[in-house]
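Just so it is clear, none of the values below were taken in a lab; they were calculated from the coordinates. No experiment lies behind these values; they were computed from the predicted model shown. Backbone-built Cβ (ideal geometry, glycine too); neighbour counts: all protein chains shown.
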Amino acid sequence: MPEEYMLMMPRKVFGGGSALEQVLVLLKDKYKKAAIFTDKGIRNSGITDYPLELLGRCNLEIIIFDELPTEPSCDEAQKVVDDFRKSGADLIVAIGGGSVMDVAKLASIACTDVYGVRDLLKKPLIGRKFVEVLLIPTTAGTGSEATPNSIVTVPEKNLKVGIVNTEMLADMVILDGRMLKKIPQQIAAATGIDALAHAIECYTSNKANPISNMFALEALKLIFENILPACEDPGAVKEKNDMLLAAFYAGAAITASGTTAVHALSYPLGGRYHIPHGVANAIMLLPVLKFNLPACLKEFAEVYDAVSKGNHNLKQEEKAEWVLNKIDEIIHVLKIPSSLKNFGISKTDLEDLVHDGMEVKRLLNNNKSTVTAEDARKLYLEVL
Ligand SMILES: NC(=O)c1ccc[n+]([C@@H]2O[C@H](COP(=O)([O-])OP(=O)(O)OC[C@H]3O[C@@H](n4cnc5c(N)ncnc54)[C@H](O)[C@@H]3O)[C@@H](O)[C@H]2O)c1
Ligand SMILES: [Zn+2]
C-alpha cells in the first residue's frame, strides 16, 4: 500500500431524506443567474420539476440548457461551454447523470477565451474555476459529483479520455433519492454496476490507500445490500438513497485511488462502439476480476469480510470465489448484457479493441496484475 495518501472532497455535501430543500439554503439571494444543465431524457421524465420549483424560489434568474449530449465528445462539450458563456450566469446547477455533471464541471473551468476543452485534454492543469457548481446526480452512479474528473470521447482516437483537475471538484452536492424515482430499470442497473466497479477496482488498485479503502469498502457494503431493490422497485427510496451514498463513496475512492483494467478495457467500448459506460464496465467486470484473482486474493477476501454476513472462517480462496459469484449473480439478475455480440461487435474488431484498450495506460498502470496486449486479447475474446 502506498505510504502517501490524500483526501479531496467537494466543498459542501447534503444527502438523505429532504436534501433537495437545501437548494433554498444554499442559493437563495446568493447568486444572480443560474444555468441549469440537464438532458432531454431527464427533463421529459419530470424529475427536474421539483428542483426547478425550488430554484424559482431562490431569487435568481434562471436559464435552462436541457439538450446536453449523452456521453459527450470533447467537441460536443465545447459547444455547450460556448452556449453557456453567452448566458452570463454565475452558477451552474447540473441535474443529471455523469454525462451532464461532467459537462457542467468542464464548463466551470472552460468558460474562457484563453483555452478550450481540447487544450484541457492536452494540459488539464491549465484550467481554473470561473463559476461555482451545484451537482444533483440522477443516477447512482458515476460518482462524478465526488471526483475532479470529466470524461469525454475523443472521436479521432475512438477513446474516452479523463480530464482530471481538482478545480473541477464541486462546490455543492445534493444527494436525494427522490431524483431516482423515475429512473428506468436498465439505466439504474448499468449505473449501479459502474459504482460497484469503481469501488472494487479502487480497493484492488496499486494506488489503494487507507482513505480510498475506507470509502471503497463502505460503498461495497451499501451496494451489495441495496442494488437489487434500488433497481427493481421504483418505490424503494431508502435503497435509492443508499445507492446514491454508495456511488458518492465510490467516487471519493476514485479521487483518492484510481480505477484499473476494467475501466481501461471498457473505454474503447464506449469510445468506438458507444456502448453506455455502465454496460461496458458490466461486460468487462468479471473477466478482469477473475484475471486479477491471483494477485488480489487478500483484497477480495477482505471484501467478503466486509459485505458478507456468512461464515468468516473460510479460506481466502473461498471468500474470493463468493465475491465473484455474487457479482455474477447481481449482473444476471439485473439482466445487463454480458456479451459484445449484443452490440454487433465481432472477432474482426478484436485487434482494434486491443490497440485502443492498451492505450489507456493511466488506468492499466493501476492494475495489480500487469496486462499485456495478449492478456487484453484474451479478455476481450471472453466477451465476444
Ligand atoms: N467524472 C467521473 O468521475 C465519471 C466517472 C464515471 C463515469 N463518468 C462518465 O459519466 C457518463 C455516464 O453517466 P451515467 O452513467 O450517469 O449516465 P448518463 O448521464 O449518460 O445518462 C444515461 C441516460 O439516462 C437518462 N437518465 C439519467 N438519470 C435519469 C433519471 N433519474 N430518470 C430518467 N432518466 C435518467 C439520461 O437522460 C440518459 O439518457 C459517461 O460519459 C462516463 O464516462 C464520469
Ligand atoms: Zn465508471
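Figures for the structure shown
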{"item": "Segment 1-75 shape via C-alpha gyration tensor axes, a/c threshold 1.5", "result": "oblate"}
{"item": "Cα shape, segment 275-384, gyration tensor, a/c 1.5 rule", "result": "oblate"}
{"item": "Rounded FRET efficiency, nearest 0.05, which uses the C-beta distance separating Asn206 from Leu297 and R0 of 22 Å", "result": "0.90"}
{"item": "Acute angle (nearest 10 degrees) that the helix 98-110 long axis makes with the longest principal axis of the chain, alpha-carbon atoms", "result": "60 degrees"}
{"item": "J(HN,Hα) series, segment 172-183, from Karplus relation 6.51 cos²θ - 1.76 cosθ + 1.60, nearest Hz, glycine and proline x", "result": "9, 9, 10, 10, 9, x, 5, 5, 9, 5, 10, 5"}
{"item": "Percent of beta bridges antiparallel (DSSP, segment 12-180, rounded to nearest 5)", "result": "20 percent"}
{"item": "Expected 222 nm ellipticity per residue - DSSP helices of 4 or more, -39500 (n - 2.57), all of the chain, to 500", "result": "-16500 deg cm²/dmol"}
{"item": "Mean separation of Cα contacts under 8 Å, 6 or more apart, over the residue count of segment 79-155: relative contact order %", "result": "40 percent"}
{"item": "Relative exposure of Ser99, Ser150, judged by other C-beta atoms within 10 Å (fewest first)", "result": "Ser99, Ser150"}
{"item": "Calculated diffusion of segment 185-382, Stokes-Einstein form, Kirkwood radius summed over Cα pairs, 20 °C and 1.002 mPa s, µm²/s", "result": "128 µm²/s"}
{"item": "Neighbourhood net charge (10 Å Cβ-Cβ; Lys/Arg +1, Asp/Glu -1) for Glu132", "result": "+1"}
{"item": "Gaussian network model of the chain, Cα within-10 Å springs - most flexible of Asn165, Asn311, Asn206", "result": "Asn311"}
{"item": "Most fluctuating residue given options Phe248, Phe37, Phe291, as computed from a GNM of the chain linking Cα atoms under 10 Å", "result": "Phe291"}
{"item": "DSSP bridge pairs, the chain: antiparallel proportion in percent, nearest 5", "result": "25 percent"}
{"item": "Entries in Lys315/Lys378; Lys129/Lys240; Lys160/Lys361; Lys40/Lys123; Lys207/Lys240 that, when Cα-Cα distance is taken, lie over 20 Å", "result": "Lys315/Lys378; Lys129/Lys240; Lys40/Lys123; Lys207/Lys240"}
{"item": "Gyration tensor verdict on segment 87-134 (Cα atoms; rounded if a/c is under 1.5, prolate if a/b is larger than b/c, oblate otherwise)", "result": "oblate"}
{"item": "Highest-fluctuation residue, Ala373, Ala301, Ala170 considered, GNM on the chain with Cα pairs under 10 Å", "result": "Ala373"}
{"item": "In Hz, Karplus ³J(HN,Hα) per residue of segment 26-31 (6.51, -1.76, 1.60; θ = phi - 60°; x = Gly, Pro)", "result": "6, 10, 4, 6, 10, 10"}
{"item": "Cα-based equivalent ellipsoid, segment 12-180: semi-axes from gyration tensor eigenvalues, Å", "result": "25, 17, 14"}
{"item": "Taking N as its residue count, the alpha carbon Rg of the chain over 2.2 N^0.38 Å", "result": "0.94"}
{"item": "Relative contact order computed over the chain (Cα-Cα under 8 Å; 6+ residues apart), in percent", "result": "16 percent"}
